[in-house]
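**Q** After the structure tokens below, expect a handful of questions from me.
Coordinate-derived values only; no laboratory data. Here the structure is a predicted model, which means the values were calculated and not measured. Cβ placement follows ideal geometry from the backbone for every residue including glycine, while neighbour counts extend to all protein chains displayed.
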Amino acid sequence: MTKKWGLLAVVAFGLYVVAMYFYFFYSQNSGIPAALKGTAADPSTFLTAQELVLSEDLSKIRNFLFFIAAPLEWLLYFAILITGISHFFERWSQQKWAIWRNAMYVFLLSVLLFVLQFPLDYYKYTLSKSYGISTQLFSSWMRDNVIDFWLDFGMTVIMVTVLYWLIKKSPKRWWFYAWTLTVPFSLFLMFIQPVVIDPIYNDFSPLQDKALETKILSLAEQADIPSEHVYEVNMSEKTNALNAYVTGIGENSRIVLWDTTLNRLTDEEILFIMAHEMGHYVVKDIYLNIAVYLTMTLIGLWLIAKIMPWMIGRYGSLLKIKQMSNIHSLPLFLLISSFLVFFSSPLSNAVSRYQEVRADEYAMELVENPEAAVSTFQQLTKSGLSEVNPSALVKWFRYSHPPMLERINKVADQVEEE
Ligand SMILES: [Zn+2]
């Protein structure tokens, strides 16, 4: 039975890959609507011919890889279960204390997943490098991977230990208790993120350019924002892409600008970006994000509590899971979670796009400089070779920001109105 199901899963995945390949490389035609040809939103007016070709090619490959990566992850979890690897890992992790047992098991599972997923990750890195977006040395990229691995490992061990203890103690209501613990845990993580976690990866400092700082401070004063919240981060050793974001909660909340943004944009453009970030800050988007995240986690845990016992009852012998409360069921837990996260991403992306539209509108009101807005959006497109008008499928699953075609078109209207 294992062989039959294993083969079935591999064939299904193979067919899916072929279908996605044809969708992205042969059938998809997301050009520019005729009405927008030649306007500021048309990439052929602001990208060179070469950049245009590169951005089209790169977008196809990236979209294809994105839609392959999640199902590949599910296939790996499935394989780890039906081949009995998960069982071996549990047997090798016999320890007296649950936390050591879980740590051993999670370590073995994480190493295996890291190794299996490494080729795809490495390919993505070399791809980004060959298109001139990533500037990161292999050693630095590997260092980031190793940090990711250990942070993930530490966090997973803690969460898994609490989770499986709850499942054992309360098979019916563990999902709710787990969720109530998620609330303070996520808030704590968000609180320490900008001061503890982010600095492990990159160097942060208060904004260096004092003349620019003065301009930003007066803008911040207009928006009623405490001034010590503007930071820059050294990203030019890693990427050519431009970015800025708002992070953290409470005392630790701050606006962060990548140094690439500071190096390549004019002061007017940077002020527009700052105004956009202030827009997020002023309406406290981060708290809406927390609310959405916690609601989705609650629903997700409840669904897992329904689906997992059902699957074990029905396919327990195939998946080689005896009891849900045994750590060897973890790959199934991860499989279902990954599945739910993937299929709920259109919803979280839609919420995010709504916030981005609102932040753009706020920025337009605050700085009243549509020309700077248009050129900022064009520069962002250029630096990341991003797709200005993706297909609906790509937009729903991948776009936390409105596509540049929409963003440029919206503000370009105001350039003409003046
Ligand atoms: Zn934004």
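**Q** With charges set only on the Cβ (+1 for Lys and Arg, -1 for Asp and Glu), what does the dipole of the range 176-283 come to about its Cα centre, in debye to the nearest 20? Kindly include the intermediate steps, with their values, before the conclusion.
**A** Working: 5 positive and 15 negative charges, 61 e Å.
Approximately 300 debye in magnitude.
**Q** Here is a further query. Sequence gap at least 6, Cα distance under 8 Å: using those rules, report the relative contact order of the range 2-104 to the nearest whole percent. The partial results should precede the final answer.
**A** Details: 36 pairs, mean separation 32.5, N = 103.
32 percent.
**Q** How high is the relative contact order of the chain, given as a whole-number percent (alpha carbon pairs under 8 Å, six or more residues apart)? Working shown, then result.
**A** On the way: 443 pairs, mean separation 91.3, N = 418.
Rounded, it is 22 percent for the chain.
**Q** Further question: For the chain, take the longest principal axis of its alpha carbons; what is the angle in degrees between that and the long axis of helix 210-223, to the nearest 10 within 0 to 90?
**A** For helix 210-223, the angle is close to 80 degrees.
**Q** Taking the Cα centre of the range 42-199 as the origin and placing charges on Cβ (Lys, Arg +1; Asp, Glu -1), which of L120, V183, L166 is farthest toward the positive end of the dipole?
**A** L166
**Q** Still on this structure, please answer the following. Suppose every Lys and Arg Cβ carries +1 and every Asp and Glu Cβ carries -1, with no other charges. What dipole size does the range 29-186 come out with about its Cα centre, to the nearest 20 debye? Numbers along the way, then the final one.
**A** On the way: 13 positive and 10 negative charges, 175 e Å.
Roughly 840 debye, rounded to the nearest 20.
**Q** Same structure, new question: Determine the shape class of the range 44-167: with a ≥ b ≥ c the square roots of the Cα gyration tensor eigenvalues, call it rounded for a/c under 1.5, and otherwise prolate if a/b is greater than b/c, oblate otherwise.
**A** Values: a/c = 3.15, a/b = 2.36, b/c = 1.33.
Prolate, because a/c is 1.5 or more and a/b exceeds b/c.
**Q** Relative contact order for the range 268-418: what is it in percent, counting Cα pairs under 8 Å that are at least 6 residues apart?
**A** Details: 120 pairs, mean separation 50.5, N = 151.
Relative CO of the range 268-418 lands at 33 percent.
**Q** Compute the Cα gyration tensor for the range 144-236, then decide on rounded, prolate or oblate, letting a ≥ b ≥ c be the square roots of its eigenvalues: rounded whenever a/c is under 1.5, prolate when a/b is larger than b/c in the other cases, and oblate in all that remain. Before the final figure, lay out the partial values.
**A** Numbers: a/c = 6.18, a/b = 2.13, b/c = 2.91.
Note, shape of the range 144-236 comes out oblate.
**Q** Suppose every K and R has +1 on its Cβ and every D and E has -1 on its Cβ; what is the size of the dipole of the chain about the Cα centre, in Debye to the nearest 20? Write out the running numbers ahead of the final one.
**A** Working: 32 positive and 38 negative charges, 717 e Å.
Roughly 3440 debye for the chain.
**Q** How much mean residue ellipticity at 222 nm does the chain get from its helices, if each DSSP H run of length 4 or more adds -39500 (n - 2.57) and you divide by all residues, to the nearest 500 deg cm²/dmol? Don't skip to the answer; put the middle values down first.
**A** Values: 15 runs with 296 residues, N = 418.
Mean residue ellipticity at 222 nm (helix-derived): -24500 deg cm²/dmol.
**Q** Evaluate Rg over Rh across the chain, taking Cα atoms for both radii and Kirkwood's formula for Rh.
**A** On the way: Rg = 23.5 Å, Rh = 23.8 Å.
For the chain, the value is 0.99.
**Q** Please give the direction-averaged projected area of the C-alpha convex hull for the range 352-406, in square nanometres with one decimal. If you can, show how the numbers build up before the last one.
**A** Numbers: hull surface 15.0 nm².
If I average the Cα hull's projected area over directions, I get 3.7 nm².
**Q** Given the pairs K3/K306; K129/K410; K4/K320; K60/K124, which are separated by over 23 angstrom at their Cα positions? Display every interim value, and only then the final one.
**A** Details: K3/K306 27 Å; K129/K410 32 Å; K4/K320 15 Å; K60/K124 13 Å.
Table pairs above 23 Å Cα-Cα are K3/K306; K129/K410.
**Q** For the range 156-195, rounded, prolate or oblate, judged on the Cα gyration tensor with a ≥ b ≥ c (square roots of eigenvalues), a/c < 1.5 rounded, else prolate if a/b > b/c? Show your work: numbers first, answer last.
**A** Working: a/c = 5.37, a/b = 2.15, b/c = 2.49.
Here the range 156-195 falls in the oblate category.
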